[in-house]
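The values are calculated or read from the model by the stated rules, or taken from the named source; none is laboratory data. From a predicted model like this one, the values you see are computed outputs, not experimental measurements. With ideal geometry, Cβ positions are generated from the backbone for all residues, glycine too; neighbour counts draw on all protein chains shown. Just the protein is used for accessible areas: all its heavy atoms, side chains included, with ligands, DNA and RNA removed. Shrake-Rupley method; radii C 1.70, N 1.55, O 1.52, S 1.80 Å.
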Amino acid sequence: MNESLAVTVEGFVAESLATHGRDPRHLLQHLIRVQQRFSCVPDAAVEALSAALDVTRTQVRAAIAFYAFLHDRPRGAFEIRFSDNITDRMLGSRRLIRLLIERLGLTGLPAWGCDLVRVDGRVSVGLASCTGMCDQGPALLVNGQAVTNLDAQRMDRIADLVQEGIPLERWPGEFFRVENNIRRRGLLLGNPATDGAALRRLVDEGADAALAEVERSGLRGRGGAGFTTALKWRFCREAPGTDRYVVCNADEGEPGTFKDRVLLTDYADLVIEGMTVCAGVLGARRGFLYLRGEYLYLLPHLESVLQRRRAEGLLGTRILGADGLDFDIEIHLGAGAYICGEESALIESLEGKRGVTRKRPPFPVTSGFDDQPTVVNNVETFLAAARVVQWGGYWLRGEGTDQSAGSKILSVSGDCARPGIYEYPFGTPVHQVLSDCGAENTQAVQISGAAGATLSPADFDRIIAFEDLPTAGSFMIFDHRRDLLDMVRNFAAFFAHESCGFCTPCRVGGALLRNLVEKVAAGQGSEYDLSEMRHIGAVMRQASYCGLGHTAPNHVLNTLDKFPQIYRRRLAREAHTPSFDLDAALSEARALTGRDDVGAHVRDGSEVSS
Ligand SMILES: Cc1cc2nc3c(=O)[nH]c(=O)nc-3n(C[C@H](O)[C@H](O)[C@H](O)COP(=O)(O)O)c2cc1C
Ligand code: SF4
């Protein structure tokens with residue numbers, strides 16, 4: 001690096017430290033700022049941050065290597081990342097990637113974790129697993145900002161803007177427009193916001209009464225696992241500790257899920273109110289909203305909501321004039337790691353480290369952020385909790401099923417006429433959602449994202465509820481035109497890429513599964529490979545360390561059971577087929593020696609001629 005750049009980098013880091021502090025737990029946030037400014041984290045920044053925050057250079061470099069959005073070498077001045085979820089592909093993203101690459105004079109295709117960088121440094125093109133815009137894809141991120149509704153025309157225009165070096169601020173505004181597409185409002189989305197009402201009730205009636213309403217409501221977490229919210233709050237409240245923390249999990253990394261994005265856009269006040277009520281119940285003074293890096297564009301909006309609420313006395317010290325009710329929220333950005341949605345990995349990331357799952361117990365409710373009792377809840381859970389405290393627990397109980405009170409917000413995408421956000425009472429059958437969103441000829445539904453279940457038409461009478469089909473919200477639809485193996489390949493590659501690498505069943509099992517799926521897709525698979533897939537999937541479910549590994553084989557195991565034909569019709573033979581094609585590999589040698597007789601070929605897939 002030249003000397004003047006090193007000076008600029010050091011100056012930038014010094015400014016970041018002066019503005020945002022020297023807490024080592026802010027390391028990731030400093031790194032993200034440096035990355036945004038220099039399109040990588042240069043060595044000079046590593047040195048400066050290591051010295052100022054008293055963390056080793058190795059720790060800083062490990063964080064850079066861990067997060068997909070951080071790099072130690074520059075990407076392009078325009079860093080483009082295409083969303084590579086299966087729904088983007090179904091909407092033609094692969095063709096558009098090729099178009100752009102051609103227009104920019106690049107060669108090859110990007111792979112996950114492997115971007116194409118133009119030699120002049122002007123532009124790079126890479127992939128992101130799912131940018132949360134499945135209802136308006138294909139989509140991409142350019143320097144972290146989301147561009148939606150891509151088509152050939154938009155690709156051409158983007159290529160021109162890049163070639164001419166036009167800064168993003170001067171790109172057409174409509175490129176960056178993100179729609180909410182709320183198609184069905186229910187219990188949560190249908191009622192107009194009344195800011196501060198839940199907090200007023202908390203102040204008037206006290207923390208015990210607020211917790212009693214949450215208990216009465218039967219509210220269960222909306223992030224997937226469905227843990228009882230009141231129980232989580234109570235455990236945390238009663239745990240020994242000097243401080244307590246409230247964390248809103250807005251990582252929303254599950255492919256196909258985008259409802260939290262919409263809630264943070266239109267219902268941010270209610271989400272923050274839910275966090276503040278939770279803080280009042282726990283006696284917490286500090287909270288974090290962990291926002292996935294893909295939603296960078298929401299940061300100014302969220303900061304302004306926080307600022308306004310501080311000005312209105314709804315956040316900060318002596319909230320609504322109540323003694324001892326002091327609570328404020330910081331927003332922390334993620335940097336492109338799916339595992340950071342897992343609550344203990346999220347806490348590690350909040351503390352500025354690599355997002356690696358923690359050993360449990362202890363659980364976050366007793367030992368979370370800074371080893372203190374911490375509640376982590378999903379965005380939708382906080383929104384529901386605010387309403388429950390405002391309107392009482394019976395209000396939520398009035399809808400839903402015995403074990404699933406209230407409603408669920410779904411992110412619907414894929415083969416349907418009206419993708420978007422739909423809110424339904426728990427207990428709604430799958431076929432109802434399909435008919436409302438205009439899905440026809442549906443072959444399969446992937447519910448709850450890549451980690452969820454694959455449903456066949458035999459499942460369409462089943463209901464959305466924790467006791468039947470639990471879901472974090474994603475609802476991806478595949479009609480009969482689709483080859484479901486494309487979905488399986490996409491998810492298998494996703495999990496192999498996103499494994500944090502800590503435990504062998506997930507790290508190795510995920511890679512083996514991906515390779516076997518590819519082998520079958522290439523027409524080289526056998527029955528033996530299918531049984532290997534079942535075996536590896538079972539081991540991953542059983543022996544993986546965290547939820548990522550437990551759920552990663554679901555799509556493979558489900559499709560093997562429900563859609564065996566997508567594998568079978570490609571099988572090369574019944575018996576074992578090696579994944580390595582030795583005969584093909586010898587073609588170069590045959591060409592060099594000028595031999596192509598029978599003896600120069602491998603016989604029975606096992607012998608090499610002498
Ligand atoms: C790999 C993985 C990713 C996850 N991603 C998210 C996520 O993006 N958002 C979320 O709220 N919960 C996610 N979770 C679940 C969280 O760990 C946690 O259970 C949840 O945030 C608790 O909130 P709730 O009780 O309100 O559901 C994920 C879990 C795993 C294993
Ligand atoms: S299951 Fe996967 S993501 Fe979870 S700890 Fe093991 S390697 Fe990491």
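Which condition number in (1) at pLDDT below 95; (2) basic (K, R); (3) more than 30 Å from D486 (Cα to Cα); (4) open to solvent by less than 60 Å² (accessible area, probe 1.4 Å) is the one that R33 fails? Going through the list (1) at pLDDT below 95; (2) basic (K, R); (3) more than 30 Å from D486 (Cα to Cα); (4) open to solvent by less than 60 Å² (accessible area, probe 1.4 Å), R33 breaks only (1). Taking the listed residues G218, G196, G173, the one that is more than 25 Å from the chain's Cα centre (by Cα), closer than 26 Å to R318 by Cβ and not hydrophobic (A, V, I, L, M, F, W, C) is G196, with no other qualifying. Just one of the listed residues (E215, E174) is acidic (D, E) and within 30 Å of L469 (Cβ to Cβ), and it is E215. For the subset of the range 161-192 comprising residues that are open to solvent by less than 50 Å² (accessible area, probe 1.4 Å) and assigned to a helix (DSSP H, G or I), which member is nearest to L106 (Cα to Cα)? Going through the qualifying residues, I end up with V162.
Total residues in the range 1-22 satisfying the condition of being of a type outside the set (S, T, Y) and either crowded, with 21+ Cβ neighbours inside 10 Å or in contact (Cβ under 8 Å) with a residue 60 or more places away in the chain (or both): the figure is 2. The set of residues from the range 179-232 being out of contact with any Leu (no Cβ under 8 Å at 6 or more places or on another chain) and basic (K, R) comprises R183, R184, R185, R201, R216, R220, R222, K232.
Against the definition (assigned to a strand (DSSP E or B) and either farther than 22 Å from L557 by Cβ or open to solvent by 20 Å² or more (accessible area, probe 1.4 Å) (or both)), how does S531 come out, yes or no?
Numbers: assigned to a strand (DSSP E or B): no; either farther than 22 Å from L557 by Cβ or open to solvent by 20 Å² or more (accessible area, probe 1.4 Å) (or both): yes.
Answer is no for this residue.
Please work out if G509 is away from ligand 1 (no atom under 16 Å from the Cβ), in contact with a helix residue (DSSP H, G or I) (Cβ under 7 Å, 6 or more places away or on another chain) and not aliphatic (A, V, I, L, M).
Working: away from ligand 1 (no atom under 16 Å from the Cβ): no; in contact with a helix residue (DSSP H, G or I) (Cβ under 7 Å, 6 or more places away or on another chain): yes; not aliphatic (A, V, I, L, M): yes.
No.
The residues in the range 342-388 that are within 16 Å of ligand 2 (Cβ to nearest atom), in contact (Cβ under 8 Å) with a residue 12 or more places away in the chain, assigned to a loop (DSSP other than H, G, I, E, B) and charged (D, E, K, R) can be counted, and the count is 5. Any chance the range 69-81 includes a residue that's surrounded by 19 or more Cβ atoms within 10 Å (Cβ to Cβ), modelled with pLDDT of 95 or more and of a type in the set (G, A, S)? Within the range 69-81, none of the residues are surrounded by 19 or more Cβ atoms within 10 Å (Cβ to Cβ), modelled with pLDDT of 95 or more and of a type in the set (G, A, S).
Residue count for the range 234-273 satisfying the condition of being open to solvent by less than 30 Å² (accessible area, probe 1.4 Å) and more than 10 Å from ligand 1 (Cβ to nearest atom): 19. Kindly provide the set of residues from the range 139-175 that are out of contact with any strand residue (DSSP E or B) (no Cβ under 8 Å at 6 or more places or on another chain) and β-branched (V, I, T), ordered by number. Scanning the range 139-175 gives T148, I166.
Residues in the range 535-562 that are closer than 16 Å to D459 by Cα and open to solvent by less than 10 Å² (accessible area, probe 1.4 Å): H555, T559, L560.
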